Amino acid sequence: KNKIVGHGEWDLLEVSRSRKVSYYECCKEPYIMVVYNFIMKRHPGLHRSTAIVPVV
């Protein structure tokens, strides 16, 4: 079941995960690293900027 809640400003396009196991001389236990990558797209219409210009 998808538990990701949508957000109006961003679309989540892709989620990936990788796992790396490393061993070091100091310890016999492995060190495990998990990396998550999120590819997101921003809706350009929702991003607004304001310009303040002096009037003479």
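Only the coordinates and a few stated rules stand behind these numbers; no lab work does. The structure displayed is predicted, hence computed values, not measured ones. Heads up, the Cβs are rebuilt from the backbone with ideal geometry, glycines too, and the neighbour counts pull from every protein chain shown.
The slack between residue 24 and residue 5, meaning 0.36 nm per residue of separation minus the straight C-alpha distance, is 2.9 nm. Only aspartates and glutamates eight or more places from residue 41 in sequence, or on another chain, were considered; those with a Cα closer than 19 Å are 9, 11, 14. Modelled this way, with points 7 Å down the Cα-to-C-beta line, the labels at residue 12 and residue 53 are 4.1 nm from one another.
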